[in-house]
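J.: Could you have a look at this structure, given as C-alpha cells, before my questions?
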Ligand code: CDP
Ligand code: CDP
C-alpha cells in the first residue's frame, strides 16, 4: 500500500494531536506533533533565562538543542537533550510564551528543516499550524480542523479536570483566543488553511467521528 503524508493543521485545541495520533496508529505511520517542538524550545529558553525578545539567541539555542519525539503508550513522549519534558512543556508558562518563540523566522526555518527531514520518506501524520502550507506543501492529504472557541475551551477544560490540573474555563478561552490571534497574524508562516486542504468543523463531532471522516479520505488516497 502507498505510504502517504498527512498534514493536519488548525487552531489550538481543535483536536489535532488526538486524532493525528489515532490515525498514525491505525496506519502504522510515524506521528509528529510539531507544536511539541516549539514548546520544547520555549521550555528550554525559559529554563536558561534566554530573553524571548532575542531572536538570534533563540535560534542559536535551537541549534544546540536536541528534540526527540518518541512514540509511547500514551501517544508521544518528548525529550529535550535527553530529559523527558512531556508534561513540563504543557504547563501554563510554556503555553503562554510559545507563540512569541514561534513567530521568529530563523527559529521556524530550523524547525521546518527538521520537520521536512522527518517527512521525507512518507508514512507520516504531522500536525501543527503550517504543515499543509510550508512543511509538506505537497502532502497527499491535508486537513484543516476547526471547532468553535467555546467548544475548544470546554475540551481543554475537561482535559485539565480529568488530569487533576487546576482549570479556569474563562481564562482558558481568553488564552486560546490570544494564541490563535498571535499565530494567525504573525508575518512568517501564519496559521492558515492551505488552498487544497479539506476543512472539517468538529464542533459537534466526537473524536471517533472525526477519525472516521479522515480515515475515509486516507483510504481514497492509498
Ligand atoms: O496543542 P495546542 O493547540 O495547545 O498547541 P500546540 O500544537 O502544542 O502548539 C503550540 C504553539 O506552537 C502554537 O500556538 C504555535 O505558536 C506554535 N506552532 C507553530 O507555530 N507552528 C506549528 N507547526 C506548530 C505549533
Ligand atoms: O492538538 P490540539 O491542540 O488541536 O487538540 P487536542 O489536544 O488533540 O484536543 C484537545 C482536547 O479535545 C482533548 O482532550 C481531546 O480529547 C478533546 N477532543 C474532543 O473532545 N472531541 C474531538 N472531536 C476532538 C478532541
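J.: Filter region 1-56 down to the residues that are within 14 Å of the chain's Cα centre (by Cα), assigned to a helix (DSSP H, G or I) and within 23 Å of residue 222 (Cβ to Cβ), then identify the one that is nearest to ligand 1 (Cβ to nearest atom).
T.: Taking the candidates together, the pick is 34.
J.: Okay, next question. Yes or no: residue 139 in a loop (DSSP other than H, G, I, E, B) and at pLDDT 95 or above?
T.: yes
J.: Of all residues in region 71-95, count the ones that are part of a loop (DSSP other than H, G, I, E, B), within 15 Å of ligand 2 (Cβ to nearest atom) and either over 17 Å from the mean Cα position of the chain (by Cα) or modelled with pLDDT under 95 (or both).
T.: Total satisfying the criteria: 3.
J.: Also: What residue, of 60, 66, is more than 28 Å from residue 207 (Cβ to Cβ), surrounded by fewer than 16 Cβ atoms within 10 Å (Cβ to Cβ) and touching a strand residue (DSSP E or B) at 6+ places or on another chain (Cβ under 8 Å)?
T.: 66
J.: Just checking, how many residues over region 120-133 are outside any strand (DSSP E or B) and surrounded by 19 or more Cβ atoms within 10 Å (Cβ to Cβ)?
T.: 5
J.: Additional query: Return yes or no: is residue 218 touching a residue at least 40 places away in the same chain (Cβ under 8 Å), in contact with a helix residue (DSSP H, G or I) (Cβ under 8 Å, 6 or more places away or on another chain), more than 12 Å from ligand 2 (Cβ to nearest atom) and under 17 Å from residue 9 (Cα atoms)?
T.: Against the criterion (touching a residue at least 40 places away in the same chain (Cβ under 8 Å), in contact with a helix residue (DSSP H, G or I) (Cβ under 8 Å, 6 or more places away or on another chain), more than 12 Å from ligand 2 (Cβ to nearest atom) and under 17 Å from residue 9 (Cα atoms)), residue 218 qualifies.
Here is a yes/no grid of residues against (1) farther than 20 Å from residue 37 by Cβ; (2) over 17 Å from the mean Cα position of the chain (by Cα):
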| residue | (1), (2) |
| --- | --- |
| 115 | no, no |
| 141 | yes, no |
| 148 | yes, yes |
| 152 | yes, no |
| 164 | yes, yes |
| 179 | no, no |
| 183 | no, no |
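J.: Being away from ligand 2 (no atom under 12 Å from the Cβ) and not in a loop (DSSP other than H, G, I, E, B) is true for just one of 155, 108. Which residue is that?
T.: 108
The values are calculated or read from the model by the stated rules, or taken from the named source; none is laboratory data. Worth saying up front: this structure is predicted, and the values here are computed from it rather than measured. Every residue, glycine as well, gets a Cβ built from its backbone with ideal geometry; the counts of neighbours run over all protein chains shown.
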